[in-house]
Amino acid sequence: MATGSGKTFTAITSIYRLLKHARVRRVLFLVDTRNLGEQAEQEFLAYTPSDDNRKFTELYTVTRLASSHLPTDAEVFIACCNPDNRHKRKETWHAEKNPTGRWRKFTHAELAARDKTSLDLFWLKDDSLADLDNLPEPADLAEEIIENIEAGLANFRTVAASLGKSVP
């Protein structure tokens, strides 16, 4: 998508909804350059949800990661995942020494041996995740999604009107 088309805004809106309504506790926002990380952080700082007058960063903690340490008090982590340095990355997972390590390498044979060659990241279990059996009713979620989409459409109509375009 083109620069300035609203990708980050849309992502932040989705992250807000996940944190508020889906009981997600942590989000990793990956970028491929430091510059994009800085831009994303500025977008998080400026974002105000349509259903709350407070800034996103007044509601949730946003942290730019500089190491593999994850602060326990943050909900959103911005990290740079530069594909150019992947050969320098070190595996932290080990079946006996560190079974909860988050970085694991797989050989092609290991991936091919999995059922349906699934890339399910089963070892990344997060005990802090909400109980999926206690999610809101589907009808409530659908109603909230419709409200958010209608609010978004109203915002787009306002933008179109400010540009001199009449939209039904």
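The values are calculated or read from the model by the stated rules, or taken from the named source; none is laboratory data. Treat the numbers as computed from the prediction; the structure is a model and nothing was measured. Cβ placement follows ideal geometry from the backbone for every residue including glycine, while neighbour counts extend to all protein chains displayed.
Just to be sure, is Ile145 touching a helix residue (DSSP H, G or I) at 6+ places or on another chain (Cβ under 9 Å), of a type outside the set (Asp, Glu), farther than 30 Å from Asn35 by Cα and modelled with pLDDT of 80 or more? Considered against the rule, which asks whether it is touching a helix residue (DSSP H, G or I) at 6+ places or on another chain (Cβ under 9 Å), of a type outside the set (Asp, Glu), farther than 30 Å from Asn35 by Cα and modelled with pLDDT of 80 or more, Ile145 comes out as yes. Summed over segment 23-47, the residues that are surrounded by fewer than 14 Cβ atoms within 10 Å (Cβ to Cβ) and within 24 Å of Glu150 (Cβ to Cβ) give a count of 1.
Determine whether Thr92 is among the hydroxyl-bearing types (Ser, Thr, Tyr), part of a loop (DSSP other than H, G, I, E, B), surrounded by fewer than 15 Cβ atoms within 10 Å (Cβ to Cβ) and modelled with pLDDT of 90 or more. No: the conditions fail for Thr92. From the list Leu19, Leu28, Leu45, Leu36, exactly one residue is within 11 Å of the chain's Cα centre (by Cα) and farther than 22 Å from Pro136 by Cα. Which is it? None of the other options fit; the residue is Leu28. What do you reckon, is Lys116 over 30 Å from Asn35 (Cβ atoms), modelled with pLDDT under 70 and out of contact with any strand residue (DSSP E or B) (no Cβ under 6 Å at 6 or more places or on another chain)? Considered against the rule, which asks whether it is over 30 Å from Asn35 (Cβ atoms), modelled with pLDDT under 70 and out of contact with any strand residue (DSSP E or B) (no Cβ under 6 Å at 6 or more places or on another chain), Lys116 comes out as yes. Whenever a residue of segment 5-16 is of a type in the set (Val, Ile, Thr), its partners that are at pLDDT 90 or above and not in a helix (DSSP H, G or I), lying with C-beta atoms within less than 8 angstrom and at least six residues away or across chains, give the pairs Ile12/Tyr47; Thr13/Tyr47; Thr13/Pro49; Ile15/Val27; Ile15/Phe29; Ile15/Val76. Any residue that is loosely packed, with under 12 Cβ neighbours inside 10 Å, part of a helix (DSSP H, G or I) and either touching a strand residue (DSSP E or B) at 6+ places or on another chain (Cβ under 9 Å) or acidic (Asp, Glu) (or both) - is there at least one of those in segment 76-89? Yes, segment 76-89 contains at least one residue that is loosely packed, with under 12 Cβ neighbours inside 10 Å, part of a helix (DSSP H, G or I) and either touching a strand residue (DSSP E or B) at 6+ places or on another chain (Cβ under 9 Å) or acidic (Asp, Glu) (or both). If you go through segment 101-113 and keep only what is part of a loop (DSSP other than H, G, I, E, B) and modelled with pLDDT of 75 or more, you end up with Gly101, Trp103, Arg104, Lys105, Phe106, Thr107. Inside segment 48-75, residues that are assigned to a loop (DSSP other than H, G, I, E, B), out of contact with any Ser or Thr (no Cβ under 7 Å at 6 or more places or on another chain) and either surrounded by 11 or more Cβ atoms within 10 Å (Cβ to Cβ) or in contact (Cβ under 8 Å) with a residue 12 or more places away in the chain (or both) make up a count of 10.
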